[in-house]
């Protein structure tokens, strides 16, 4: 069933059965991820047909034992519970590595997953798919600095004497105790932060400073390098924490990027019409990628086809 899931051929009933089996024990979880690692390695960068990939997968899993495997990382420890997202199973990887004679610690959530981390000061961080949270191994109640790549929702433990700082490649956010969301994916044109409670201060690389109030969102357009402060729909911005995804007039290319991250798939298209489209709608964690694509097919001028394992192509089809 695992191999058939990886090939995208399970029925809904079989999916539920497999999910329950994975959740049943740490041993089952470990086996699933080991086989998934072998499968990913067997077809990465390859144009072979799915059946040939599946044969290679069987051969590798029969001859190769893998106890810890994340591409290029040598020290990997799974530190979070399993989370069901459709049939996408989530974990967070804890990685330690040296850099400039100092030790850094990094929590990584792969595509198709999300997870929660509690830091040494009591701060809770929900990490979205394909996100890194990095900090010095000396992070403590008195040294509260983290670096984010991706998306995270922070519930910062209040401490007015020791501010909490979230660093990104474009701006820094400084707080004492509050709840806020930060989206900072490298391939997104629009990035920024949304404040749910308390207040935050944002400092830009060009020395601008913004104070954000509850219910506000600050966005950076990377193309124009322009910041904009607006009222936010906090529920929509943070719905992903509860496995619900709410979109209001989101550019279609951005929607596709998010689906690729959440479901660990590749979705391609060539029609220029897609670049002009916006989408409004919502999905819950019960939906599989097939159900999402079917919903898009019914509500937007698109059709889709499966190209290979976890690869789909969208075609423009006027309604």
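If only residues of region 146-188 that are in contact with a helix residue (DSSP H, G or I) (Cβ under 8 Å, 6 or more places away or on another chain) and outside any strand (DSSP E or B) are counted, the one that is farthest from residue 215 (Cα to Cα) is 187. Say whether the condition of being within 23 Å of residue 116 (Cα to Cα), surrounded by fewer than 17 Cβ atoms within 10 Å (Cβ to Cβ) and not assigned by TED's automatic domain parsing to the domain that holds residue 188 is met by at least one residue in region 220-235. Among the residues of region 220-235, not one is within 23 Å of residue 116 (Cα to Cα), surrounded by fewer than 17 Cβ atoms within 10 Å (Cβ to Cβ) and not assigned by TED's automatic domain parsing to the domain that holds residue 188, which makes the answer no.
Go through region 194-209 and give me each residue that's closer than 20 Å to residue 160 by Cβ and in a strand (DSSP E or B).
195, 196, 197, 200, 201, 202, 203, 209
For region 12-35: of the residues being at pLDDT below 75 and either in the same structural domain as residue 306 (by TED's automatic domain parsing) or out of contact with any strand residue (DSSP E or B) (no Cβ under 8 Å at 6 or more places or on another chain) (or both), which is surrounded by the fewest Cβ atoms within 10 Å (Cβ to Cβ)? Going through the qualifying residues, I end up with 12. Return yes or no: is residue 268 under 19 Å from residue 111 (Cα atoms), in a strand (DSSP E or B) and either in contact with a helix residue (DSSP H, G or I) (Cβ under 6 Å, 6 or more places away or on another chain) or outside the structural domain of residue 182 (by TED's automatic domain parsing) (or both)? Spelling it out, residue 268 is indeed under 19 Å from residue 111 (Cα atoms), in a strand (DSSP E or B) and either in contact with a helix residue (DSSP H, G or I) (Cβ under 6 Å, 6 or more places away or on another chain) or outside the structural domain of residue 182 (by TED's automatic domain parsing) (or both).
Can you go through 264, 254 and tell me which one is surrounded by 18 or more Cβ atoms within 10 Å (Cβ to Cβ) and touching a residue at least 60 places away in the same chain (Cβ under 8 Å)? When all the criteria are applied, what remains is 264. Whether a residue is in contact with a helix residue (DSSP H, G or I) (Cβ under 9 Å, 6 or more places away or on another chain) and not in a strand (DSSP E or B) was assessed, and residue 129 passes this test.
The values are calculated or read from the model by the stated rules, or taken from the named source; none is laboratory data. The structure presented is a predicted model; accordingly, all values stated were derived computationally and were not measured. In this analysis, Cβ positions are derived from the backbone assuming ideal geometry, glycine residues included, and neighbour counts consider all displayed protein chains.
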